[in-house]
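Novice: Pasting a structure below so you can have a look.
The values are calculated or read from the model by the stated rules, or taken from the named source; none is laboratory data. Keep in mind the model is a prediction, meaning the values are calculated, not measured. Methodologically, a virtual Cβ is constructed for each residue, glycine included, from the backbone with ideal geometry; neighbour enumeration extends over all protein chains shown.
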Amino acid sequence: MKSTVEQLSPTRVKVNVEVPFDELKPNFDRAYKKIAQQVRIPGFRPGKAPAPVLESRIGRAPVLDEVVNEAIPAKYMEAMQSSEVQTLGRPEFEVTRLEDREVLEFTAEVDVRPDITLPDVSDIAVTVDDVEVGDSDVDEQLDELRARFGTLAGVDRPVADGDFVSIDLSATVDGEELEDASTSGLSYQVGSGDLVEGIDEALTGMEAGGSTTFTTKLLAGEHVGREAEVTVTVQSVKERELPEADDEFAQMASEFDTIGELRDNLRERMSYYKRMEQGVQARDKVLEELLERVEVPLPESVVQSEVDGRLQDALREVGGDENALARSLEAEGKTREDYEAEVRAEAEKSVRTQLLLDAVAEQEAVEVGEQELMERIMYQAQRFGISPDEYVQRAQQSGQLGAIYSDVRRGKALASIVRRTTVTDESGNAVDLDELFGSEDADDSESSGDSGDAGELAEDSVETADEGGSAGDEDSEDAEGSEGAANAR
């Protein structure tokens, strides 16, 4: 077999393959066996008719079709494995020459990973927010903790912000009652914003037994984007009574003996979370700066696949109803064209980010240990509320295990870049990047410094697993015939 690779653009190549027929003997053997199982020939058991008898009965063309359809994807994969080309997406095959008993020639056009020149990042400097935890911040956290131990007590007064109400709801569109929008005895905290727009304003000032009607736009369901008349009736009004913030409460709600110790602990925890927020800011700003500096050619088929996946997700959310999606966009003041332009811009940035970080990972020779991969799987499983085993099973079925690995690798690549930049807070103090992203020494061990919270700082911005795949995942796919798909390493 002979093969050559022709560069069509920075992101696309044409592979020319020439296969002499003597290399196709195993393909012919399998083709005859398969066809013999499907054809009934008198005097022969199924699958036992010899090749000359089969050809005399059905002709040579079906055999050639079977051979070509099987051979092209396999020979394409063989050609890619012998080259240094890193392909992305599905190839487009074309048979250019087929001379029976002589030669098979075909071409495959496919997107490839572009060559990316990475800059020196040591001069990148970004500024993040200061870590400031005031008494009011601690008070807010303490109030949230007290709310967990609060009790609800009925009140004989109009509804106020923060009250808990029991309500009945019904809605109509053009006079037609919506069965899926009617409910009784629904518990709701006024001001939480968990229900339809306008309900908080409608409830405020009402009393138990009162009823009112207001107009709102539906954000989901069959009539998404349509205006509905919503009637709400208040059955009861309750307010939350909080326990006193004293030593007794501290002992009940925590492991601390005094309220002062509890407040100190809350301050320390808030300081930790704000430092993590610094890490998020640093990560995002460094990534944005890197994207500004580096030219990343975009493979069109990969971008289009990302766009199609996002549009399909949007349609799935409205039950596949194009009209419902149009009404939803109209409610947001967008046209379909505006929305698709936004989706394409997001898809292009996502693909650009993935390709850039893959290039960094290659340059830095980033590796992912088994423990790091398992930590990521456990984190994702917890996020989706399922067991790690079930998450792995789902990932295998959807072909996403490679994407999970790529996410972790890209996260480590991004962390390696951030560590070499200068990050200061608004007050001019240097930010401890080892605390946020782990130390480079820890990366050399199985329990990488990117695990846990530090690892998620880097990985969340490049996450692609569970979201429709990744521009850099090159796991092979089964291919059937010249219309099949094969991604080569």
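Novice: Looking at segment 191-235, which of the residues that are hydroxyl-bearing (Ser, Thr, Tyr) and not in a loop (DSSP other than H, G, I, E, B) is nearest to Leu325 (Cα to Cα)?
Specialist: Across segment 191-235, the extreme among qualifying residues is Thr216.
Novice: Also: Cβ contacts < 6 Å: first residue of a type in the set (Phe, Trp, Tyr), restricted to segment 25-49; second residue surrounded by fewer than 16 Cβ atoms within 10 Å (Cβ to Cβ), any location; separation 6+ or different chain. Result?
Specialist: Tyr32/Ala51
Novice: Of the numbered conditions (1) buried (at least 16 other Cβ atoms within 10 Å of the Cβ); (2) modelled with pLDDT under 95; (3) closer than 30 Å to Val17 by Cβ; (4) not polar (S, T, N, Q), Val121 satisfies every one except a single condition; which is it?
Specialist: So Val121 meets the others, but not (3).
Novice: Looking at Val53 and the list (1) loosely packed, with under 12 Cβ neighbours inside 10 Å; (2) modelled with pLDDT under 90, which single condition is not satisfied?
Specialist: Condition not satisfied by Val53: (1).
Novice: Find the residue count for segment 34-78, including only residues that are closer than 30 Å to Glu109 by Cβ and more than 45 Å from the chain's Cα centre (by Cα).
Specialist: So the answer is 2.
Novice: Which residues, taken from segment 13-39, are of a type in the set (D, E, K, R), buried (at least 16 other Cβ atoms within 10 Å of the Cβ) and modelled with pLDDT under 95?
Specialist: none
Novice: Go through segment 84-102 and give me each residue that's over 23 Å from Gln354 (Cα atoms) and assigned to a loop (DSSP other than H, G, I, E, B).
Specialist: Within segment 84-102, Asp100, Arg101, Glu102 meet the criteria.
Novice: How many residues does segment 175-221 hold that are touching a residue at least 12 places away in the same chain (Cβ under 8 Å) and touching an Asp or Glu at 6+ places or on another chain (Cβ under 9 Å)?
Specialist: 26
Novice: Just checking, which of Phe93, Phe164 is modelled with pLDDT of 95 or more and within 30 Å of Arg12 (Cα to Cα)?
Specialist: None of the other options fit; the residue is Phe93.
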